[in-house]
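The structure appears below as structure tokens.
The values are calculated or read from the model by the stated rules, or taken from the named source; none is laboratory data. Here the structure is a predicted model, which means the values were calculated and not measured. Cβ placement follows ideal geometry from the backbone for every residue including glycine, while neighbour counts extend to all protein chains displayed. Remember, those area values only see protein heavy atoms, side chains included, never the ligands or the DNA or RNA. Shrake-Rupley method; radii C 1.70, N 1.55, O 1.52, S 1.80 Å.
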Amino acid sequence: MESSGSAEAPGLGPRVLVVGGGIAGLGLAQRLCRHPAFSHLRVLEATARAGGRIRSERSFGGVVEVGAHWIHGPSQGNPVFQLAAKYGLLGEKELSEENQLVETGGHVGLPSVSYTSSGRTVTFELVAEMASLFYGLIDQMREFQHAAHTPVPSVGEYLKKEVSRHMACWTENEETKKLKLAVLNTFFNVECCVSGTHSMDLLALAPFGEYTVLPGLDCTFPRGYQGLTNCMVASLPKDTIVFNKPVKTIHWNGSFQEATSPGQTFPVSVECEDGAFFPAHHVVVTVPLGFLKERLDTFFEPPLPAEKAEAIRKIGFGTNNKIFLEFEEPFWEPGCQHIQVVWEDTSPLEDAAPEPQAAWFKKLIGFFVLPSFESVHVLCGFIAGLESEFMETLSDEEVLLSLTQVLRGVTGNPQLPAPRSMLRSCWHSAPYTRGSYSYVAVGSTGDDIDLLAQPLPADSKEAQLQVLFAGEATHRTFYSTTHGALLSGWREADRLIALQDSQAQLRGPRL
Ligand SMILES: Cc1cc2nc3c(=O)[nH]c(=O)nc-3n(C[C@H](O)[C@H](O)[C@H](O)COP(=O)(O)OP(=O)(O)OC[C@H]3O[C@@H](n4cnc5c(N)ncnc54)[C@H](O)[C@@H]3O)c2cc1C
């Protein structure tokens, strides 16, 4: 097979191709570029921009985050925090020692106000009591981390069993008990957003506690998350990234040649959708797990070893989307940061509607009030699961109409003016993402994540490292985060550097 790639990089040393220009691919490229042996490096990115699931857009006269929102656990152990600080992208408060020391346990803060779907305000005391029950149970599940057996397979089943047990001791009237269950249902939906899953019943119980929370009060980028990936791109040699270059198939375990390098053979050749071929010594795959799942049958030639393919099928990858609404006048109180929506007559103990389409908006957890807008007022709603994927199939007008009705119910004001405009993410329909982030699904464990991260060929005695794997879904304890993705890119860069250094040692000093 001959190369028809037009973006050949000059330089000696091994040829490395990185598939995907998200934070994992960019971090890896940055690290390799600092090493003198890796001057022959290309990042092939399917879309017209770098950053992947870090995506900030100018809108409503400010910046909104379509993808990653917070630095989770912004403290010294978080490489995204450190990099952002180095580039001067964070404010004084985010950098403060005080902020870094806060231990949140990874739980979303309590809402400023909580409304039911028919406009009743739920008291702070009742919401706090249910939050304490729910997050107490979430923390309790860590004890199953190394257990050989768990009482039930999923996080959802465990939570429901425990909620039923607690409920037996509730002494209030029936109406209050129903309201408590409805509030708990909202917390279940919040956790679906956090984990990027349709249902807590899909999350495996034993490995749930392996996800690690770093200290620090989650913070945002005042001028947008994408400022970080933009800085990373700017630090790379010009033309390292080739945009609009979707990869179709990775041919590996071969012996490929190109016309311009007669006599040289390469174990890997990357075929792009436009017909170009890029021969290489090493390819690092950083594409999202959702894309990998969809293209598993055609993305690798020869196909992946059965165990690795099975790990890709088993690890979960779900959808969490955002819906931004712009208002001329706020209907919320000054200082309100988070409006929780509690759907009356819902309960985590009852099966959700079999047709999520019918009332898709009932999966919405509420809204965060975005702070950084001067003259307009913007709310950001979160919605996960199949309902979120269904929302993506609706028109803007349909979504706006449904949410206007929801808000009129919630505020008890049938005259509430409709939002002036809206913007939403559609991560499930994005062809090179196919969802939001990964989770450890029932039937899989952290070992599957490690298996996914293993380079190929797996059975080789000599460390050839033909195909390597990075990206958030390959980090066993920080999956689903930007820092997990960045660390995974660094991990694979270090793997290649170690190989290069050991080979250089074997060759001995050059005279
Ligand atoms: C709505 C949402 C909210 C989130 N909130 C947070 C948060 O608050 N905090 C946090 O830490 N994390 C958050 N995340 C997760 C975080 O964004 C991701 O974990 C991280 O950005 C993933 O980086 P990555 O490099 O692994 O993958 P990506 O950023 O997805 O990069 C992969 C790249 O590969 C490219 N690609 C795909 N297929 C091909 C192909 N065939 N050929 C070439 N290129 C290809 C894609 O276009 C993409 O650019 C959120 C994600 C979403 C969707």
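Please label the shape of the stretch 54-168 as rounded, prolate or oblate, based on the square roots a ≥ b ≥ c of the eigenvalues of the alpha-carbon gyration tensor (a/c under 1.5 means rounded; beyond that, a/b larger than b/c means prolate, else oblate). It comes out oblate by the Cα gyration axes. Note on the stretch 131-183: Kirkwood hydrodynamic radius from all Cα pairs is 12.3 Å, rounded to one decimal. Computed 3J(HN,Hα) for the stretch 229-235, one whole-Hz value per residue from the Karplus formula 6.51 cos²θ - 1.76 cosθ + 1.60 where θ = phi - 60°, is 5, 4, 4, 5, 4, 4, 7, glycine and proline marked x. Between 0 and 90 degrees, the angle of helix 482-507 with respect to the longest Cα principal axis of the chain falls at about 20 degrees. Legend: Rg and Dmax of the stretch 296-339, from Cα coordinates, 22.2, 60 Å.
Hydrodynamic estimate: the Kirkwood radius of the stretch 20-76 over Cα pairs, inserted into Stokes-Einstein at 10 °C and 1.306 mPa s, corresponds to D of 118 µm²/s. How much net charge surrounds F38 when only the other residues with a Cβ under 14 Å from the Cβ of F38 are counted, with Lys and Arg +1 and Asp and Glu -1? Value of the local net charge: +2. Contact order for the stretch 133-234, expressed relative to its length and based on alpha carbon pairs under 8 Å spaced 6+ residues apart, stands at 44 percent.
The calculated P(r) of the stretch 435-511, using every Cα pair and 10 Å bins from 0, goes 18, 41, 26, 11, 3, 1 in percent.
Note on the stretch 211-252: Cα-Cα pairs beyond 14 Å make up 72% of the total pair count. Placing unit charges on the Cβ atoms of the charged side chains and taking the dipole of the chain about its Cα centre, the candidate lying farthest along the positive direction among S421, G216, G263 is G263.
With all protein chains in place and a 1.4 Å probe, the accessible surface of the chain carries 53 percent carbon and sulfur. The H on the amide N of S59, modeled in the peptide plane, is under 5 Å from the matching H of V64, each at least 5 residues off or on a different chain.
Rounded to the nearest 20, the size of the Cβ-charge dipole of the stretch 396-511 about its Cα centre is 280 debye, with Lys and Arg at +1 and Asp and Glu at -1. In this structure the amide hydrogen of G73, modeled in the peptide plane, comes within under 5 Å of the amide hydrogens of D218, C219, none closer than 5 places in sequence on its chain.
Its residues counted as N, the chain yields a C-alpha radius of gyration over 2.2 N^0.38 Å of 1.03. From helices alone, the chain scores -10000 deg cm²/dmol at 222 nm; the rule is -39500 (n - 2.57) for each run of n ≥ 4 DSSP H residues, then divide by the residue total. For the stretch 400-484, the spherically averaged projection of the C-alpha convex hull amounts to 9.6 nm². Put simply, the stretch 153-249 fits an ellipsoid with semi-axes of 44, 18, 13 Å; these come from the alpha carbon gyration tensor as the roots of five times its eigenvalues, largest first. Label sites at N244 and A48, each approximated as a point 7 angstrom past Cα along Cα to Cβ, lie 0.7 nm apart.
Beta bridges per DSSP, both residues in the chain: antiparallel share near 65 percent.
The 3J(HN,Hα) values that the Karplus relation (6.51, -1.76, 1.60; θ = phi - 60°) gives for the stretch 174-191 are, in residue order, 4, 4, 5, 4, 5, 5, 4, 5, 5, 5, 4, 4, 4, 5, 4, 5, 4, 5 Hz. Gly and Pro appear as x.
Accessible area of T212 (1.4 Å probe, protein heavy atoms only, ligands and nucleic acids ignored): about 50 Å². The H on the amide N of K248, modeled in the peptide plane, is under 5 Å from the matching H of E271, C272, E273, each at least 5 residues off or on a different chain. When +1 charges are put on Lys and Arg Cβ atoms and -1 charges on Asp and Glu Cβ atoms, the dipole computed for the stretch 316-355 relative to its Cα centre reaches about 280 debye.
Charge dipole of the stretch 182-314 (Cα centre as origin; +1 on each Lys and Arg Cβ, -1 on each Asp and Glu Cβ, all else neutral): 240 debye, rounded to the nearest 20.
In terms of its C-alpha gyration tensor, the stretch 96-155 comes out oblate, because a/c is 1.5 or above while a/b does not outweigh b/c.
On the basis of the beta-carbon distance and an R0 of 22 Å, S255 and Q503 show a calculated FRET efficiency of 0.70.
Take every Cα pair under 8 Å whose residues are at least 6 apart in sequence, average their separation, divide by the length of the chain, and the relative contact order is 24 percent. The distance separating the Cα centre of the stretch 323-340 from that of the stretch 467-511 comes to 44 Å.
Measuring nothing but alpha carbons in the stretch 234-367 and taking Rh as the Kirkwood radius, the Rg to Rh ratio lands at 1.18. According to the Kirkwood relation over distinct C-alpha pairs, the hydrodynamic radius of the stretch 286-438 is 17.6 Å. Remark: relative contact order (the stretch 410-511) = 17 percent; criterion is Cα-Cα distance under 8 angstrom and separation of 6 or more residues.
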